[in-house]
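Here is the structure we will look at.
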Amino acid sequence: MRSHSLAFIAAIGTGFLIAGSSCTNTRSHVLETVPSTSDLCFPSLANRWDEAIPLGNSTVGALVWQNDSALRFSLDRVDLWDLRPMDNLAGANYSFKWVLSKIAEGDYGPVQQKFDDPYIINPAPSKIPGAALEFIGLNGNSDSIRLYINNALCEARWDNGVTLKTFVSANQPLGWFMFEHLTDSIVPELREPAYFIEKINDSNDHAGPSLQRLGYKQGTKVSAPGLIDYHQPGFGDDSYDVAVRWVQSDSTLIGVWSVTSSSVPEKASDICTRALERGIEADYSDHIGFWDNFWAQSSISIPDPVLQKQYDNEMYKFGSVAREHSYPISLQAVWTADNGSLPPWKGDYHHDLNTQLSYWPSYTGNHLTEAMGYINTLWNQRDTYRDFTKQYFGTEGLNVPGVCTLTGQPMGGWIQYSMSPTCGAWLAHHFYLQWVYSADKDFLADKAYPFVRDVATYLEQLSFIDDDGKRKLPASSSPEVNDNSISAWFKSLTNYDNALMTSLFGHAAEMADSLGLHEESAHWHTLKASMPQLDTDEENVLTIAKGHPYRQSHRHFSHAMAIFPLGILDVAQGAEDAEIVKSTIKRLTDVGPDWWCGYSYSWLGNLQARALNGDGAADALRIFAECFCLPNTFHVNGDQTNTGKSKFTYRPFTLEGNFAFAAGVQEMLLQSHRNMIEVFPAIPSNWRDVSFTDLRGRGAFLVSATMVDGAVSQISIKSEKGGTLRLRLPDKDMIVDCVSKHSITPECVFTTETSPGQTISLRRR
């Protein structure tokens, strides 16, 4: 890399020059990278935004691609939202009781007009894009582009020798770019979103309405040598700012960009100024520190190159969009569409599947810290949820809108799901998972149980005992069966609602008991006992609801929640459970994937793994990777190969399928929901050499294991918090090192008591 002299004199303001004190030395700017076989490598830049190289840190993000002949960074920020209120979600008829009355009358049109139509007709509330940064004067053609996932850095090369390295800082709301070997000056140009031009999008990406419909005033842009500042007014008093700063010396140009919203005190311009003073190498060192730690949390090695590469890229994306102190992962996170339109489904928070699936890989994947962004937001928005619950359902306690804004406000839509009676129960499940995987007693007492208890209180008040002596809801649904028609409401309790309520009351009892609240625990046990059995048809297949068998292909496996993720039914719990699990999965595949999305295959991979069918799990996940993902590994819902894997062929980009895929791979390698740790429980028959490091089991156990030539050669388990370790040994040829007191049952279940920090090692004789 060429050495060069940089005075790093930046133009700040209009004509005012300052020098960054840390950048006055003659230096070589080296941004070292560590290649991976899972890196994304292409011969040229993508020419579509949704095939771009993704960079992000959960707060800001960039997509690197080519728009016509210009290198383009599509810039985004997580809290860029139009938060105008939904006027229809108020008034006398803003009530579940009113909805129930219209269902009873058979007159559902007024419900659709009040709740469904405004979501479709009104452009906002909605996630909105930031801006785009283009570089003018780049001569030549791109001849290689690479995403180094180990370093979260994109490198592009042109045939004239010019190189670009760019990254979004892991810890700061900014991105850096560095061009080297320039023969001419290049000029960054900021392209503001087309808020002022009506655009008709006729592509197949399920784009929302034109940005012009938001009615924003034209933003203001100030440009000067080495500087661009852009200010965009939004709805009401909201606004956002984009800033770019750069310097060029000899053949090198180094710059930085940032996006800030009016909801935070810092300004993008100040962030960029301070960044230039620190220098790119200081920020890159900090950035690498995060990513080194992220990748050290866990890793896998599997013999299927398609699944390995897809998995590594899913975890890279997860590290790019999940943080402890940021908002949760929305439909597209920090990669909002750059096509002149609002994003598909407004880029909002869909809690009928999308957010939940996005966090599935955080638990076994040993990324509990990143998962706390989800937990913290749900916790911090409790008052908003309580208000919604009181206004709409008329109860105490807490439910969460199934479709909501950045701040947790309901958005309407298909209310069977956007205002589902049991949405809060599914979200409460994630508090339970965070607790059982961390074994954090303080988290249990301070957040997990209080949240679960509030949701259980609400559902106790909303439900009632029917003539059969069993608990039911006034009306029940199953996402997204029968869409938004009146027939999407079921008189009998759906298996979806039943499983969620049964699981919730059971978890509330378990949590209360762990806290010594035995009377409360007994109460929740009583409520769980009042739930009806899950309904099955004559072939022991889980139904949608009593009298409604699963006979038609559907994208959302809501009727199978009891198998995964809830684990109420399990193949290890006896012949009856095993028959229901296997029959339900068989029916899914027999009916076929006509109306599945990509995430359906990811979910199927998890179901197959729980059924201990490694071949079936791998097949489902491979179809997802090969047929439902673009070259940059983005999940785009429809089958892109036209090979009959789905009748959906459209390409709206959403993230939940990506992250559910990663969870499916983890389920093949490690399971711990059966009150014991099991290594390699669902390995395909042709996988001979497999390993993983520091996957997390319930009880706060970090597990590493290696299989060589089809036999498990070693297992290592670190106990973070101490407690009873139960491990199913692959066979009786495993010996235990460094443990004196333990037992092994005839079924090869190894049990010992552990202390915090203790490591248990087992190896083949």
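The values are calculated or read from the model by the stated rules, or taken from the named source; none is laboratory data. Quantities reported herein were computed from a predicted structural model and do not represent experimental measurements. Positions of Cβ are backbone-derived with ideal geometry, glycine not excepted, and every protein chain shown enters the neighbour counts.
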Legend entry - Subset of segment 349-369 [assigned to a helix (DSSP H, G or I) and closer than 28 Å to Phe680 by Cβ]: Gln356, Leu357, Ser358, Pro361, Ser362, Tyr363, Thr364, Leu368, Thr369
Inset, instruction - Check off (1) more than 25 Å from the chain's Cα centre (by Cα); (2) within 30 Å of Tyr316 (Cα to Cα) for Asp79 and give me the number that stays unchecked. - result: (1)
Inset, instruction - Would you check if Thr405 is touching a Phe, Trp or Tyr at 6+ places or on another chain (Cβ under 7 Å), under 27 Å from Arg77 (Cα atoms), among the hydroxyl-bearing types (Ser, Thr, Tyr) and modelled with pLDDT of 95 or more? - result: yes
Inset, instruction - Assess whether Ile580 counts as being more than 24 Å from Glu460 (Cβ to Cβ) and modelled with pLDDT of 95 or more. - result: yes
Legend entry - Residue among Ile715, Ile683 that alone is crowded, with 21+ Cβ neighbours inside 10 Å, on the phi < 0 side of the Ramachandran plot and assigned to a loop (DSSP other than H, G, I, E, B): Ile683
Legend entry - Pairs with Cβ under 9 Å, 6+ apart, first in segment 523-550 and closer than 20 Å to His507 by Cβ, second of a type in the set (A, V, I, L, M) and assigned to a loop (DSSP other than H, G, I, E, B): Met531/Leu493; Pro532/Leu493; Leu534/Ala562; Leu534/Ile568; Leu534/Leu569
Inset, instruction - Hey, could you check segment 611-625 for residues that are over 16 Å from Ala660 (Cβ atoms) and in contact with a Ser or Thr (Cβ under 8 Å, 6 or more places away or on another chain) and say which is surrounded by the fewest Cβ atoms within 10 Å (Cβ to Cβ)? - result: Asp615
Legend entry - Within segment 435-451, tally of residues that are under 27 Å from Arg471 (Cβ atoms), touching a helix residue (DSSP H, G or I) at 6+ places or on another chain (Cβ under 6 Å) and of a type outside the set (A, V, I, L, M, F, W, C): 2
Legend entry - Test: residue in segment 143-155 that is among the hydroxyl-bearing types (Ser, Thr, Tyr) and in contact with a helix residue (DSSP H, G or I) (Cβ under 8 Å, 6 or more places away or on another chain): no
Inset, instruction - Consider Lys732 carefully, then state whether it is assigned to a strand (DSSP E or B) and either charged (D, E, K, R) or within 22 Å of the chain's Cα centre (by Cα) (or both). - result: no
Inset, instruction - Among the numbered conditions (1) modelled with pLDDT of 95 or more; (2) out of contact with any Leu (no Cβ under 7 Å at 6 or more places or on another chain), tell me where Asp468 comes up short. - result: (1)
Inset, instruction - With the condition kept exactly as written, say whether any residue in segment 151-171 is under 34 Å from the mean Cα position of the chain (by Cα), of a type in the set (A, V, I, L, M) and more than 30 Å from Val264 (Cβ to Cβ). - result: yes
Inset, instruction - Check off (1) part of a helix (DSSP H, G or I); (2) out of contact with any Pro (no Cβ under 7 Å at 6 or more places or on another chain) for Phe388 and give me the number that stays unchecked. - result: (2)
Inset, instruction - Might you let me know whether segment 263-275 holds any residue that is surrounded by fewer than 16 Cβ atoms within 10 Å (Cβ to Cβ), aliphatic (A, V, I, L, M) and more than 30 Å from Asp694 (Cα to Cα)? - result: yes
Inset, instruction - Using the structure shown, decide if Thr395 is touching an Asp or Glu at 6+ places or on another chain (Cβ under 6 Å), part of a loop (DSSP other than H, G, I, E, B) and among the hydroxyl-bearing types (Ser, Thr, Tyr). - result: no
Legend entry - Scan of segment 292-333 for residues that are among the polar types (S, T, N, Q) and either within 18 Å of Gln356 (Cβ to Cβ) or in contact (Cβ under 8 Å) with a residue 60 or more places away in the chain (or both), ordered by number: Gln297, Ser298, Ser299, Ser301, Gln308, Gln310, Asn313, Ser320, Ser326, Ser330, Gln332
Legend entry - Residue check, Tyr359 outside the structural domain of Arg698 (by TED's automatic domain parsing), under 15 Å from the mean Cα position of the chain (by Cα) and surrounded by 24 or more Cβ atoms within 10 Å (Cβ to Cβ): yes
Inset, instruction - Counting only residues that are closer than 26 Å to Gly340 by Cβ and either touching a residue at least 40 places away in the same chain (Cβ under 8 Å) or in contact with an Asp or Glu (Cβ under 6 Å, 6 or more places away or on another chain) (or both), give me the strands (runs of 3 or more DSSP E) lying completely in segment 216-283 with at least 3 of them. - result: 227-233, 239-249, 252-261
Legend entry - Among the residues listed as Trp379, Trp345, the single one being surrounded by fewer than 23 Cβ atoms within 10 Å (Cβ to Cβ), under 30 Å from Ser101 (Cα atoms) and not assigned by TED's automatic domain parsing to the domain that holds Arg698: Trp345
Legend entry - Selection within segment 266-318 - under 20 Å from Ser38 (Cα atoms) and either modelled with pLDDT under 95 or among the basic types (Lys, Arg) (or both): Lys309, Lys317
Inset, instruction - May I ask you to list the residues in segment 435-469 that are polar (S, T, N, Q) and under 16 Å from Leu515 (Cα atoms)? - result: Ser438
Inset, instruction - Among what's in segment 418-439 and is among the small types (Gly, Ala, Ser) and closer than 22 Å to Ser476 by Cα, pick the residue that is surrounded by the fewest Cβ atoms within 10 Å (Cβ to Cβ). - result: Ser418
Inset, instruction - Please state which of the following conditions Leu55 fails to meet, knowing it meets all the rest: (1) hydrophobic (A, V, I, L, M, F, W, C); (2) in a loop (DSSP other than H, G, I, E, B); (3) within 28 Å of Asp304 (Cβ to Cβ). - result: (2)
Inset, instruction - Give Arg157, Arg213 a once-over and let me know the one that is assigned by TED's automatic domain parsing to the domain that holds Ser44, outside any strand (DSSP E or B) and not polar (S, T, N, Q). - result: Arg213
Inset, instruction - Among the residues of segment 90-126, write down those that are buried (at least 21 other Cβ atoms within 10 Å of the Cβ), assigned to a loop (DSSP other than H, G, I, E, B) and hydrophobic (A, V, I, L, M, F, W, C). - result: Ala124
Inset, instruction - Determine, yes or no, whether Asp454 is assigned to a loop (DSSP other than H, G, I, E, B) and touching a helix residue (DSSP H, G or I) at 6+ places or on another chain (Cβ under 9 Å). - result: no
Legend entry - Residue count for segment 398-424, restricted to those that are in a helix (DSSP H, G or I) and of a type outside the set (A, V, I, L, M): 5
